[in-house]
Amino acid sequence: MSALPPFEHTPIDGILPTVNQIRASFLSHKTRPLEFRITQLRKLYWGLNDNQDLIVEACKKDLGKSQFETYLTETSWCMNDIVFMTKNLARFAKDEPAPDIAFTNKFFGPRIRKDPYGTVLIIGAYNFPIQLSLGPMIGAIAAGCTAVLKPSENAPNASAVLQKVVAESLDPSCYAIIQGAIPETTALLDQKWDKIFYTGSVNVGTIIAKKAAETLTPVTLELGGKNPAIITKHADPKLAARRLLWAKTLNAGQVCVSQNFTLIDREIVPSFLKEMKNALEEFYPQGPKKSPDYGRIVNLRQFQRLKKMVDESNGKIVLGGSMDERDLFIEPTVIQVENMDDSLIKEESFGPLLPILPVTDLDEAIKIANEVHDTPLGVYSFGNKQEMEKVLSQTRSGGASLNDGFFHASIPTLAFGGVGSSGQGAYRGKASFDVFTHCRSVTTTPAWIEGMLDVRYPPYTAKKQKK
Ligand code: NAD
């Protein structure tokens, strides 16, 4: 029998008392001392460590994730973030002197204090149910905030284990989990927060931002994909195929930074497709369906959405294409599409679909990429050095990986975030501390300086004006 804890929605009438408690704890200054924050982070580390097996079981049940993938992208990911944060917290939290100040201003000791924002709400997405919830939570704890976390109801087993980890590890008067879907999240959004950190789709992100605007609450939004990959004729087709296939098979393509479509020089299409086939056979020698390393689509709704996208596309399936609704299995599927108006290019698939659109040259690829989405979460390019630099200088995106799919997102100290409609604000590394920190500018005017300050007081006599 499974030891997984049950997933239960938090009763709506339990939400307000919880939020009030978490806010009261912030106002009691309990989370201000660095020792408190470091202790909480260390306890969270051990809570994750002690529950690794349950987390693996939960992610397997929710998303068919392999043990290795869960370790790589959920548990060790968060544990490494905690180690980094505890090592560096004292340095991050230290006052900073004002830069480049005039000699006379030095008397006022201008500095920037790192104050916690206050009581924050964190809302997570389903695809990396542990990482996307705890990643921001680690930043909130480090910054000295108190926090309420609302994980995704679409990964119920992982969210239930998360609740167990948080309850066992963290001070319950300062950090709480509310479980639920739209009604519970709406009840949370009806409360006043000092910051909202949201990860999820553009549509819901817009709802969050509108609601937050009513109370001028600052928001960080980590939103959706529509990321282009660009392959020129000078690229190595084998390298591009292996790397892009990996980027679309990790978590069965349910990754916000995966390439949504690939714009590829016509000349290189045959060799790229041959290498894709080779890579697929190499990754999954018995086929992806039988492989313990290939995940599943999170639920029937998402499965049917992806199936409809394939059915409605005018493209031709050139690799893969098999699906099994009962098993929520979708084979990694390469589809050659005719033009940029195909829904597989225009819509975010968030699954293992790899549409490719042949182009004449790099200029055409850049033009199409910018027309589909001028500010995606990521841009990926394969080609020679000049070509990859050209892609960077003629596009915008939250981040970019050259010669790879989304590798930039795996560097733990590199700030991660979107731009424009793919998001605002960033986290990871020091950015996780900064995103929950208010930089409070402070000066101290010494009593002895009053004589020198006399000039600022009226009446502004001719003598004063001459000084
Ligand atoms: P989602 O927007 O459906 O759900 C995210 C969260 O919002 C969940 O906790 C959910 O309960 C809540 N929510 C859903 N509808 C709501 C509503 N009407 N009002 C208030 N709250 C609501 O996203 P998802 O399906 O979990 O994740 C997929 C999307 O998230 C994709 O678009 C993907 O690109 C994006 N994503 C972005 C990142 C990133 O870091 N930029 C990471 C993961 C996923």
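No lab work stands behind these numbers, since they all come straight from the coordinates. The structure displayed is predicted, hence computed values, not measured ones. Reconstructed Cβ throughout: ideal geometry from the backbone, glycine too, with neighbour counts over all protein chains shown.
Straight-line reach from Lys308: which lysines have a Cα under 17 Å away, not including same-chain ones fewer than 8 places off?
Straight-line reach from Lys308, under 17 Å: Lys316, Lys346.
Assuming 0.36 nm per residue, please report the length gained on full extension of the stretch Glu325 to Ile182 beyond their Cα-Cα distance.
48.9 nm
Using 31 Å as the Cα-Cα cut-off, could you pick out the over-long pairs in Lys211/Lys430; Lys195/Lys248; Lys192/Lys430; Lys274/Lys307?
Lys195/Lys248
Which distance in nm do the two modelled labels at Asn384 and Asp171 give, with both placed 7 Å along the Cα-to-Cβ direction?
6.0
With each label point set 7 Å from Cα along the Cα-Cβ vector, what nm distance links Trp46 and Lys30?
In this crude label model, Trp46 to Lys30 measures out at 1.9 nm.
Convert each backbone phi in the stretch 147-164 into a coupling constant with the Karplus relation 6.51 cos²θ - 1.76 cosθ + 1.60 (shift: θ = phi - 60°), then list the ³J(HN,Hα) values in order as whole Hz, x for Gly and Pro.
Values, residue by residue: 8, 10, 10, 10, x, 7, 6, 7, 10, x, 5, 5, 5, 5, 5, 4, 4, 4 Hz.
If you filter the stretch 375-438 for chymotrypsin sites (Phe, Trp or Tyr not before Pro), then keep DSSP loop positions with at most 11 other Cβ within 10 Å, what is left?
none
Distance in nm between label sites at Asn88 and Thr413, each 7 Å beyond Cα in the beta-carbon direction?
0.6
Within the stretch 239-274, name every residue whose backbone N is under 16 Å away from a label modeled 7 Å from Cα of Lys346 along the Cβ vector.
261
Please report the spacing between the Cα centers of the stretch 225-272 and the stretch 191-207 in Å, no decimals.
31
Quick one: go through the stretch 119-137 and flag any residue whose amide nitrogen is under 14 Å from the point 7 Å out along the Cα-to-Cβ line of Ser201.
Label zone hits: 125-127.
For the chain, what is the convex hull (Cα atoms) projected area averaged across all directions, in square nanometres?
So the Cα hull casts an average projection of 27.6 nm².
Could you please report the charge total around Ala235, scoring K, R as +1 and D, E as -1 over all other residues with beta-carbon less than 9 angstrom from its beta-carbon?
Surrounding charge for Ala235 is -2.
Taking only Cα atoms, what is the 0 to 90° angle, nearest 10, from helix 34-50's long axis to the longest principal axis of the chain?
20
So what's the net charge close to Ser159: Lys and Arg +1, Asp and Glu -1, counting the other residues with Cβ under 14 Å from its Cβ?
Local charge sum for Ser159: -3.
Dipole of the chain, Cα-centred, from +1 at each Lys and Arg C-beta and -1 at each Asp and Glu C-beta, to the nearest 20 debye?
1800
What net charge do the residues around Asp361 carry, taking every other residue with its C-beta under 13 Å from that of Asp361, with Lys and Arg at +1 and Asp and Glu at -1?
-1
Straight distance only, please: which aspartates and glutamates reach the Cα of Lys226 with their own Cα at less than 17 Å, same-chain residues fewer than 8 apart left out?
Counting by Cα, and skipping residues close in sequence, Lys226 has these aspartates and glutamates nearby: Asp341, Asp342, Glu347, Glu348, Glu371, Asp374, Asp404.
Which of Thr199, Thr215 comes first, and how do the rest follow, when ranked by fewest Cβ neighbours within 10 Å?
Neighbour counts put them in this order, fewest first: Thr215, Thr199.
For each of Met137, Met452, count neighbouring Cβ atoms within 10 Å of the residue's Cβ, then give the residues from fewest to most.
Least to most surrounded, the residues fall as Met452, Met137.
What is the magnitude of the charge dipole of the stretch 256-339 about its Cα centre, with +1 placed on the Cβ of each Lys and Arg, -1 on the Cβ of each Asp and Glu, and no other charges, expressed in debye to the nearest 20?
300
Could you list Asp194, Asp311 so that the one with the fewest beta carbons within 10 Å of its beta carbon is first and the one with the most is last?
By the 10 Å Cβ count, ascending, the order reads Asp311, Asp194.
How many angstrom separate the Cα center of the stretch 299-347 from the Cα center of the stretch 446-462?
Cα centres, the stretch 299-347 to the stretch 446-462: 73 Å.
Kirkwood Rh, the stretch 63-108, all Cα pairs: how many Å?
Final number for the Kirkwood radius of the stretch 63-108 is 14.2 Å.
Considering only lysines 8 or more places apart in sequence, or on different chains, count the pairs in the stretch 1-158 whose C-alpha atoms sit under 27 Å apart.
Eligible lysine pairs with Cα atoms under 27 Å apart amount to 20.
To check my understanding: the extent here is largest minus smallest coordinate of the Cα atoms along each principal axis. What are those three numbers for the stretch 31-108, in Å, largest first?
Projected onto the principal axes, the Cα atoms of the stretch 31-108 cover 64, 24, 17 Å.
Taking R0 as 51 Å, what's the FRET efficiency between Arg456 and Asn278 from their Cβ-Cβ distance, rounded to 0.05?
Once rounded, the FRET efficiency stands at 0.10.
What percentages make up the Cα-Cα pair-distance distribution of the stretch 1-160 when the bins are 5 Å wide from 0?
1, 8, 15, 17, 17, 14, 11, 6, 4, 3, 2, 1, 0, 0, 0
Just name one of Thr437, Thr413, Thr461: the one whose Cα is farthest towards the positive end of the charge dipole of the stretch 397-467 (beta-carbon charges, Lys/Arg +1, Asp/Glu -1).
It is Thr461.
When we measure straight from the Cα of Lys464, which aspartates and glutamates land under 13 angstrom away, once same-chain ones fewer than 8 places off are left out?
Lys464 reaches Asp454.
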